[in-house]
1. Please identify the pairs in which a residue from segment 63-90 that is under 20 Å from L142 (Cα atoms) has its Cβ atom under 6 Å from the Cβ atom of a residue that is part of a loop (DSSP other than H, G, I, E, B) and within 12 Å of the ligand (Cβ to nearest atom), counting only partners at least 6 apart or on another chain.
2. Across segment 130-144, what is the total count of residues that are buried (at least 18 other Cβ atoms within 10 Å of the Cβ) and either out of contact with any strand residue (DSSP E or B) (no Cβ under 7 Å at 6 or more places or on another chain) or modelled with pLDDT under 95 (or both)?
3. Collect the residues in segment 182-194 that are within 16 Å of the ligand (Cβ to nearest atom) and out of contact with any Phe, Trp or Tyr (no Cβ under 7 Å at 6 or more places or on another chain), keeping them in residue-number order.
4. In a loop (DSSP other than H, G, I, E, B), of a type outside the set (G, A, S), more than 19 Å from V192 (Cα to Cα) and touching a residue at least 12 places away in the same chain (Cβ under 8 Å): which single residue out of F217, F202 fits that description?
5. In segment 92-109, which residues are in contact with a Phe, Trp or Tyr (Cβ under 9 Å, 6 or more places away or on another chain) and in contact (Cβ under 8 Å) with a residue 40 or more places away in the chain?
6. Hey, can you tell me all the residues within segment 67-90 that are under 18 Å from the mean Cα position of the chain (by Cα), of a type in the set (G, A, S) and at pLDDT 95 or above?
7. Does S171 fit the bill of being touching a residue at least 24 places away in the same chain (Cβ under 8 Å) and within 18 Å of K78 (Cβ to Cβ)?
8. Among the numbered criteria (1) outside any helix (DSSP H, G or I); (2) modelled with pLDDT of 95 or more, which one does L121 miss?
Amino acid sequence: MPALTTTPTTQVLYPKECVALYPNEIVGERVSKYAEVHSSCIPKHIINYHAHVSKTLPETAKYMISISQAQMMVFLSKTVGAKRILEIGAYVGLSSLAWSHAVGSEGKVTALEFEPHFAKLAEEAFEANGVRNAKVLVGDALEILPTLTPTEPYDIIFIDAQKSGYPAYLSTILNSSKPGAPNRLLRKGGLVIGDNILRCGFVADDSEDNPWRTYDFGPHRKEYWKSQDVMSLKKYNEIVSESGRFENWLCPLWDGVNIARLLD
Ligand SMILES: C[S@@+](CC[C@H](N)C(=O)[O-])C[C@H]1O[C@@H](n2cnc3c(N)ncnc32)[C@H](O)[C@@H]1O
């Protein structure tokens, strides 16, 4: 567990580690563990890779989704019978491994990643685990996404890159997935899954009641609660709700996940 940050009066856990839907953190953690244990297992190599990254890349390992969230995504993917998944923001490939497992050997996962070093580690993880149905495209997703013309549209697009880009990603997906459009990005009925959509709750509550306002997110994230990231996530949720083209469920677990189904 990451180090605790203290203020003179409050002790605040690193946001993604804190389970806020229960009366206190201890109960929250126990309930989450119980839920994890009583959900279908995901393969050991994914759990091992999560542990390996947590140990070897402690500075950035918190970028990864949790095993519990991976369980949800695999479940969801299998439920909708997804075979083609696009991931925006691969980091070192943990969530790609989960998608790869979910779509099976006949499916395909394409992941976009800005940082060549992270992309290389992801490809190495695929290789080491015999994963042949996933690949990483290296570059800025804001530039790559509008150029994608898949022969078959994606069943799921998972957005987990820089938060300020979320509205642009969503607009591109909507524009490139219109009914009748050739090479549309997302199929009718396909899912757009936006991660970290509540961002420590700031998206819904940035008042002084939210103790994470005083959390030290680092020098480049001063007053993070009123940052461009938070504004962009609000905008993203508005587009989902107001476009008229989605049905969605905004799940308040983890750091918030907006699961939206394209209606047309
Ligand atoms: C939260 S991490 C992704 C974690 C990964 N989905 C997982 O759960 O294992 C976000 C990643 O997106 C990448 N990223 C941020 N902005 C990007 C962009 N514009 N284009 C491509 N990748 C980007 C970052 O380098 C980082 O590795």
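The values are calculated or read from the model by the stated rules, or taken from the named source; none is laboratory data. All of these numbers come straight from a predicted model, not from anything done at the bench. Cβ: placed from backbone, ideal geometry, glycine included. Neighbour counts: every protein chain shown.
1. Correct list of pairs: Y63/Y91; I88/A161; G89/D160; G89/A161.
2. Final tally of qualifying residues: 1.
3. Listed by number, the residues that qualify are L191, V192.
4. Of F217, F202, the one residue that is in a loop (DSSP other than H, G, I, E, B), of a type outside the set (G, A, S), more than 19 Å from V192 (Cα to Cα) and touching a residue at least 12 places away in the same chain (Cβ under 8 Å) is F202.
5. Selection gives G93, L94, S95, S96, L97, W99.
6. If the condition is that a residue be under 18 Å from the mean Cα position of the chain (by Cα), of a type in the set (G, A, S) and at pLDDT 95 or above, then A70, S77, A82, G89, A90 are the ones that fit.
7. Considered against the rule, which asks whether it is touching a residue at least 24 places away in the same chain (Cβ under 8 Å) and within 18 Å of K78 (Cβ to Cβ), S171 comes out as no.
8. Looking at each condition in turn, L121 falls short on (1).
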